[in-house]
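Enquirer: Please see the structure below; I have some questions.
The numbers here are math on the coordinates, done by the rules we state, and not lab data. Small disclaimer: the values here were computed from a predicted structure and weren't measured. Don't worry about glycine lacking a Cβ; one is built from the backbone with ideal geometry, like all the others, and counts go over all protein chains shown.
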Amino acid sequence: MSLDDIKDQIKKAELMNNRPIGSVNLIAVSKVQPIERVENVLRKGHRSFGENRVQEAYKKWPAWKEEFSKVVLHLLGPLQTNKVKEVLALFDVVHSLDREKLARVFSENIQKQGFSPEFFIQVNTGEEDQKAGISPNMADEFINQCKKVYGLPIVGLMCIPPINEEPALHFALLKKIAERNGLKRLSMGMSSDFLSAITFGSTDVRIGSAIFGKRT
Ligand SMILES: *Cc1c(COP(=O)(O)O)cnc(C)c1O
């Protein structure tokens, strides 16, 4: 597959689900991909990219952000509070906000610098021990706290369904939590399940291997 194929499939899914064309944002997940593959996609004019690790992103994106204008960089991976300053200096959107301490440190640093990335709160919909994300039964309280106590611009929710479960159940749960909290955006859907995610209202699909090829 390629960038154009994926964009085509997204457009068809938008039509089929009565969604406006262009309402689903395609985040091209460039983690551990060879430089040339990512540059090809940049040269085609695509500007929305996702990375999992702060350190890896710093090796590539400062130069690409200089060379290509209007890049929007999304942080998708779990995050430690000692990385917050670096995150704020490079990323435009954070998808992995999942605990109070992180919210507090972001809030303090954002107040100092005077501008903020957009945030998705990650929900651990499968309640997996090894996975990041707030547990679903704590989500309402945490969303409220992020908005009211820490003043963070929370735009939506993000989830990564468990590997061996039907993702649709998790997409439906995420949508339900977002709706009852008045959040409009849903970061859900990867290479294997983005069409299903769009059916459940995804606004931000995160696609890596289907665009760039298998990660080595
Ligand atoms: C790697 C990754 C993706 C992309 O996965 P693919 O299966 O290659 O599309 C999406 N979201 C997150 C959080 C990831 O870590």
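Enquirer: Between beta-carbons, use under 12 Å as the cut-off and find the net charge around SER96, counting Lys and Arg +1, Asp and Glu -1.
Expert: So the environment of SER96 carries a net charge of +3.
Enquirer: Let me check I've understood the local charge: for ASN17, count other residues with C-beta under 13 angstrom from its C-beta, Lys and Arg +1, Asp and Glu -1. What total comes out?
Expert: Residues close to ASN17 contribute a combined charge of +3.
Enquirer: Okay, next question. Residues in region 20-34, backbone N under 16 Å from the label point at LYS59 (7 Å along the Cα-to-beta-carbon vector): list them, ranges by number please.
Expert: 30-34
Enquirer: Answer rounded, prolate or oblate for the chain, using the Cα gyration tensor with square roots of eigenvalues a ≥ b ≥ c: rounded when a/c is under 1.5, else prolate when a/b is larger than b/c, else oblate.
Expert: Here the chain falls in the oblate category.
Enquirer: Between the DSSP loop rule and a limit of at most 12 other Cβ atoms within 10 Å, which trypsin sites (Lys or Arg not before Pro) in region 128-216 are left?
Expert: Filter output for region 128-216: LYS184, LYS214, ARG215.
Enquirer: Where the centroid of each part is defined by its Cα atoms, how far is region 1-71 from region 175-216 in Å?
Expert: A separation of 14 Å, based on Cα centres.
Enquirer: DSSP loop GluC sites (Glu not before Pro) in region 119-216 with at most 16 other Cβ atoms within 10 Å of their Cβ, which ones?
Expert: Counting only loop positions with at most 16 other Cβ atoms within 10 Å, the GluC sites (Glu not before Pro) in region 119-216 are GLU127, GLU128, GLU165.
Enquirer: Count neighbours as other Cβ atoms within 10 Å of each site's Cβ, and list the trypsin sites (Lys or Arg not before Pro) in region 1-71 that are DSSP loop with at most 16 such neighbours.
Expert: LYS44, ARG47, ARG53, LYS70
Enquirer: For a quick check: sort TYR58, TYR150 by the number of other beta carbons within 10 angstrom, fewest at the front.
Expert: Placing the least packed residue first, the sequence is TYR58, TYR150.
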